[in-house]
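Student: Structure in structure tokens, see below.
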Amino acid sequence: MAHLALSQVPVAAPVGSDVSLKKSVFKRHAISFVDGSRAPSIALDLKTKSSKLRNRHIVCLSVQQVGIPKLAVSPLGLEDAKEPPLNLYKPKEPYTATIVSVERLVGPKSPGETCHIVIDHGGKVPYWEGQSYGVIPPGENPKKPGSPHNVRLYSIASTRYGDSFDGKTASLCVRRAVYYDPETGKEDPSKNGICSNYLCNSKPGDKVKITGPSGKVMLLPEDDPNATYIMIATGTGVAPFRGYLRRMFMESVPTFKFGGLAWLFLGVANTDSLLYDDEFTKYLRDYPDNFRYDRALSREQKNKSGGKMYVQDKIEEYSDEIFKLLDGGAHIYFCGLKGMMPGIQETLKKVAMQRGENWEAKHAQLKKNKQWHVEVY
């Protein structure tokens, strides 16, 4: 398969308005591969796509990249470190990065808005897949007059190379937190999430204070290229898994040739709420032996009992396979709202009992073997 050289990768300019869309996202790029062959242009055609775009969602740079082969990434120096970078920038001395783009990820029928936010850190805040950035929104902490806001942590949704593959950007997947007054039914901006709305309202060129990177629990062990990774996500919890999957299936990394199995379970409300679905569907088509993808759409699908389909119902549906994979050394990851875990734990406990196993003992063994990875918020 042909590989793209980094300098030949088309990168969309920041998206912040209809004008910028016309001038940047929809330009066509003829791509030259390393072997000298040519690929058809991958950018969208303005006349045929613009109305659909406005009606559904802005197409991220990542989605434009779905149609191209694996990318030969650079700088490869990012592969040299033996340990992940940790807390290079602390809350008292954050790094001032720049917003590259803010793009809506979900369709019009999605309850709530989720944005894909690309941040330029200039290569000064490197990270590994599975780590998080802290963001300090501007303004004063109402609980501590004269002090800045507390740091909010966001899982990074890109590989260490970023969406532009140069090691200088990081992407966040942010759901806008809004509050509706139960009596009036109207939005109350005074109670909305400070940081999520700040990020989703940002424009290209805006500055953002970041800390980190932080976290080691969700790192992807790469000592065995044929390992199995089971990923359970609800909503924006899919962020670290997007990074894993791009590293496995989008980038050509000389030091990591993935030949195992990655299995993603994603729970959202409906089809319009699916995040990065274009990317995941592409991997499913191109790597059917190495990737599985199951969606739990609570407002569109029913579980076997006739109730709403949640991610734990999908886990139960494939429980026999999952338990066998765990017995074989598979790593299992959970990321999303903390409310997801009680239902999942209850399902796993029930399945274990049906198999004649003690879930508490099995759970303890998985943690001891470092197969169990949880990041909830």
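The values are calculated or read from the model by the stated rules, or taken from the named source; none is laboratory data. Values in this document were obtained by computation on a predicted structure and should not be read as measured data. Heads up, the Cβs are rebuilt from the backbone with ideal geometry, glycines too, and the neighbour counts pull from every protein chain shown. Only protein heavy atoms, including side chains, enter the accessible area calculation; ligands, DNA and RNA are left aside. Shrake-Rupley method; radii C 1.70, N 1.55, O 1.52, S 1.80 Å.
Student: So if I check each of Val174, Val178, Val118, which one is over 24 Å from Asp278 (Cα atoms) and in contact with a strand residue (DSSP E or B) (Cβ under 7 Å, 6 or more places away or on another chain)?
Tutor: Val178 is the lone residue from the list that is over 24 Å from Asp278 (Cα atoms) and in contact with a strand residue (DSSP E or B) (Cβ under 7 Å, 6 or more places away or on another chain).
Student: Okay, moving on. Under 6 Å between Cβ atoms, which residue pairs at least 6 apart in sequence (or on different chains) link something in segment 344-371 that is over 23 Å from Leu266 (Cα atoms) and of a type in the set (A, V, I, L, M, F, W, C) with a partner that is open to solvent by 50 Å² or more (accessible area, probe 1.4 Å) and not in a loop (DSSP other than H, G, I, E, B)?
Tutor: Qualifying pairs under 6 Å: Trp359/Lys349.
Student: Any residue at all in segment 176-197 that's within 19 Å of Tyr244 (Cβ to Cβ), in contact (Cβ under 8 Å) with a residue 12 or more places away in the chain and of a type in the set (D, E, K, R)? Show your work before the answer.
Tutor: Step one: filter segment 176-197 for residues within 19 Å of Tyr244 (Cβ to Cβ), giving none.
Checked segment 176-197: no residue is within 19 Å of Tyr244 (Cβ to Cβ), in contact (Cβ under 8 Å) with a residue 12 or more places away in the chain and of a type in the set (D, E, K, R).
Student: On the given criteria, is Ser196 among the polar types (S, T, N, Q) and in contact with a strand residue (DSSP E or B) (Cβ under 8 Å, 6 or more places away or on another chain)?
Tutor: yes
Student: Name the single residue that is least open to solvent (accessible area, probe 1.4 Å) among those in segment 91-130 being assigned to a loop (DSSP other than H, G, I, E, B) and aromatic (Phe, Trp, Tyr).
Tutor: The selected residue is Tyr127.
Student: Let me spell it out: the conditions are (1) over 27 Å from Pro138 (Cβ atoms); (2) hydroxyl-bearing (Ser, Thr, Tyr); (3) not in a strand (DSSP E or B), and Tyr229 meets all of them except one. Which number is the exception?
Tutor: It is condition (3) that Tyr229 fails.
Student: I've got another one for you. Identify, please: which residue in segment 218-237 is closer than 19 Å to Asp286 by Cβ and either touching a residue at least 40 places away in the same chain (Cβ under 8 Å) or of a type in the set (Lys, Arg) (or both) and is, among those, most open to solvent (accessible area, probe 1.4 Å)?
Tutor: Start the filter on segment 218-237 by keeping residues that are closer than 19 Å to Asp286 by Cβ, which leaves 225-226, 228-229, 231.
Next, from what is left, pick out any that are either touching a residue at least 40 places away in the same chain (Cβ under 8 Å) or of a type in the set (Lys, Arg) (or both): 228-229, 231.
Working: Thr228: 29, Tyr229: 0, Met231: 0 Å².
Restricting to residues being closer than 19 Å to Asp286 by Cβ and either touching a residue at least 40 places away in the same chain (Cβ under 8 Å) or of a type in the set (Lys, Arg) (or both), the top hit is Thr228.
Student: I need the full set of residues from segment 132-180 which are open to solvent by less than 10 Å² (accessible area, probe 1.4 Å) and over 20 Å from Thr211 (Cα atoms), in order please.
Tutor: Phe165
Student: Can you name every residue in segment 313-331 that is touching a strand residue (DSSP E or B) at 6+ places or on another chain (Cβ under 6 Å) and over 19 Å from Asp224 (Cβ atoms)?
Tutor: Scanning segment 313-331 gives a single hit, Lys314.
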